[in-house]
Structure formats: structure tokens, C-alpha cells
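> Please see the structure below; I have some questions.
The values are calculated or read from the model by the stated rules, or taken from the named source; none is laboratory data. As the structure is a computational prediction, the values presented were derived from the model and not from experiment. Here the Cβ positions follow ideal geometry from the backbone for every residue, glycine too, while neighbour counts run over all protein chains shown.
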Amino acid sequence: MNSCYQFILKYHNLVNSRILLLNILLIIIFTILLQSFVISIDDKLSSDSGNMESFHTNPTNDNDKPFLYFDDTTAAPNSTPSNTTFIIDSCNMSCMKLWLVFIAVVVIALMLVLYLCVPTICRPKRRRKSTWLEEAKPKKSDVTTDVYQRAMEYIRTHPPNEDLPPYKEIQGKKGYSAWKFERGGHSEVTREGKWVEFFFKSTEKNIESMIQTNYPFIMNGDLGFDEMMHYFEVTVKSISSQVNTISVGLTTKPYPYFRLPGYHVYSVAYHSDDGRKFNSGDPDGGAEYALPWGKGDTIGCGYRPDDGEVFFTKNGKFLGVAFSELKHTWYPSIGADGSCELEVNFGDTEFKYKGARGFGPGNPSHIQHVQMM
């Protein structure tokens, strides 16, 4: 009973009410027709059995034959049908009624299958909102299952922190220089947090590393601006043949430092190997977005807190909105699974993407002059 109840709950929200009404109507019509046919069979059988004694073998008039009559060629001429002949007719009638009932059950079962499955097959796929306890399985080129399970355990025990840092702490850092990447595993950060080097031994396989900035993007209402956009760019300066994927995106804090951005909940990223975009461990292995990228390319990541839009750019070209309605305390994040060197620009120098010039991770460029409310 419990399994049946779970089955009903599973499909309750997937069933279209119009398909339900249509199936009920078809079942009623089929039941009425079947009942009428069975009644007509019973009437015919009663009529034939009453006339059985006066029946002659091989009658010349086809209308005198009993229902489902089988010609007895072994019977003597002018003899009356035996009791055996009548028993065979009755048996065939019973079998036919059983077959009709069986067919009715099969038809009704098929209708129920269509009723349950058609809405699921035909309905367009909807992206399910993730929670910090739910995420997708790793893709084929990903790390081992043990590392994946380790990351899941990390997220369970380290829920995201949505608190923003004190404004005065950021104000005293002279604008964009407040933001810098912090050193992590398999990485080195120099030039005041603007130059990142990921390094891996040649024998290390299926290992990933991710780093975040010290400060997150600031939400719009916190500074009182009518329009706000956060943005940063990453340029691939060198890359080894060992690298499979470089990931640029946003994550909440804390995040598993041994996993690429986009592979787990509350993270988004644009990956270099296939040009796909990832959102909270997309169960479909990411979604098509743009072309792959590599050495010499500059990848930008922007966020509009008003509507929660995340977008990416490549060499100054806008690639379109990747995701929307993602309102979290986002930290700029980059990751790699092999040795490479990356240069980061938070607005200290002119962005390649013209639409982001004058903006940065804190917006506006001179955040230290903003009068706090």
C-alpha cells in the first residue's frame, strides 16, 4: 500500500486534467459498448438454446444456425444435434466472454498508462530549483566517486554564508584593490591577488582545485544605487597539456576547494573544455552556451543583482545571459584541473568588454567615496 501511495504522489502533479477527463469518458463509452455487446450475446445464446431441439444438422437457412455454431460433419443425416454440440457452443460463448473481459482490462490498463506517461513525456523539461543538499552526479570526465562524495559531505556540513562583510572594511581598500583571489590548494596567488597559478604534478590525475576572492559582490540595495553590475575578467596566459578544464564563475562561501565551480549547488560557471555553462551541478552535464576557450582568451563574468542575472563574455564579446533569478552572496571564483597561469582584472585596467567599463566587483569604481546609508 505504501508503494502505491508513493506512486500516486509521484505522478499527481504531472497529470493533465484534460487528459484525465478524456480517459474517463473513453472508459465509460467502452464499458457501455462492452456491456451492450455481452447482453446481445446472452440473448442470442438463450434464443439458440431454446431452439436447439428442433434444429437439423446442416440447415439450409443460415439464419437457423445457433450463435457460433460449428458444423458437425460426422453426424448422421437428419439427426438432431447432440448434447455435446450444445455444450461446445456454450463453452465457446463462455470463452468469448472471458476474452472480452480480458480485452477490456487491457484497454483500460493502456488508457491508464497513457494517462500517467503522456504528460511526463510531452511536457517540456523544467529546471528544478536546487537546494544546498541536492546536486548532480559528476560527469564522465569528472573526478572519482570518492571525491564527489567527499564534496557532498563538505557541503552538508558547510552551508553557504549569505552575510556580507562590513562596508567600512571595503571602503578603506581604495576601490577595486579590495578584491583579490586567495591562495588555495594546488595554487599560488601573486601580484596582489591578480595573478593566479595552478600547479599539478604530472602524475596527478583527476584532481581539481578552486579559489575564491576575499570579498563577495555587493548587493544593489546595500549601497543605494539605481543600477548596479559586478564584473571581472580572467585571461589565460599559459596552459599545459595536462589541463582538461578551466572554470570561471561564481560560488557561495564556503565551497569545496577541490571541486570546479559549477559542479555543486550554489555555483555557476563557464567551462573551457566544451564551452558549456553549469549551474548548481546541472544534472544534464551543463547546457550549451558558447564555444570552448583556451590560451590567450579573456573570459569575463558579470552579475546584475537586481534580477539575479549572470552573464559571460569572451574577448570583449557579450555571450548572452547564462542564468537569471540567482540572488546569492556571490564570490568571483576560478578553478582548473591542470597547470596553468591566469591574469585577473577587477577593473584596475580597462575591461575588454566595453559594457562593463566603469564597473567592477564593487561598483562603482570609487567605492570608498560612497556615502553609506
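> Mind counting the residues in region 296-312 that are outside any strand (DSSP E or B) and either loosely packed, with under 14 Cβ neighbours inside 10 Å or touching a helix residue (DSSP H, G or I) at 6+ places or on another chain (Cβ under 7 Å) (or both)?
Here is the first cut: in region 296-312, the residues outside any strand (DSSP E or B) are 296-297, 305-308.
In the following step, the residues that additionally are either loosely packed, with under 14 Cβ neighbours inside 10 Å or touching a helix residue (DSSP H, G or I) at 6+ places or on another chain (Cβ under 7 Å) (or both) were identified as 296, 305-307.
Of the residues in that region, 4 qualify.
Quick grid of which residues meet (1) closer than 25 Å to N161 by Cα; (2) touching a strand residue (DSSP E or B) at 6+ places or on another chain (Cβ under 8 Å); (3) not in a strand (DSSP E or B):
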{"position": "V265", "(1), (2), (3)": "yes, no, yes"}
{"position": "T329", "(1), (2), (3)": "yes, no, yes"}
{"position": "G335", "(1), (2), (3)": "yes, yes, no"}
{"position": "E343", "(1), (2), (3)": "no, yes, no"}
{"position": "G355", "(1), (2), (3)": "no, yes, yes"}
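> Right, next: I'd like the residue in region 232-263 that is small (G, A, S), part of a loop (DSSP other than H, G, I, E, B) and over 17 Å from C301 (Cα atoms) and, out of all such residues, is modelled with the highest pLDDT.
Filtering first and then ranking leaves S240.
> OK, next. Restricting region 355-366 to residues that are under 12 Å from E233 (Cα atoms) and either of a type in the set (D, E, K, R) or modelled with pLDDT under 85 (or both), which is surrounded by the fewest Cβ atoms within 10 Å (Cβ to Cβ)? Before the answer, list the steps.
Taking region 355-366 and keeping what is under 12 Å from E233 (Cα atoms), we get 356-357, 359-361.
Those left that are additionally either of a type in the set (D, E, K, R) or modelled with pLDDT under 85 (or both): 357, 359-361.
On the way: R357: 13, F359: 21, G360: 25, P361: 25.
The residue in question is R357.
> Please work out if A322 is part of a strand (DSSP E or B) and either surrounded by 22 or more Cβ atoms within 10 Å (Cβ to Cβ) or at pLDDT 90 or above (or both).
yes
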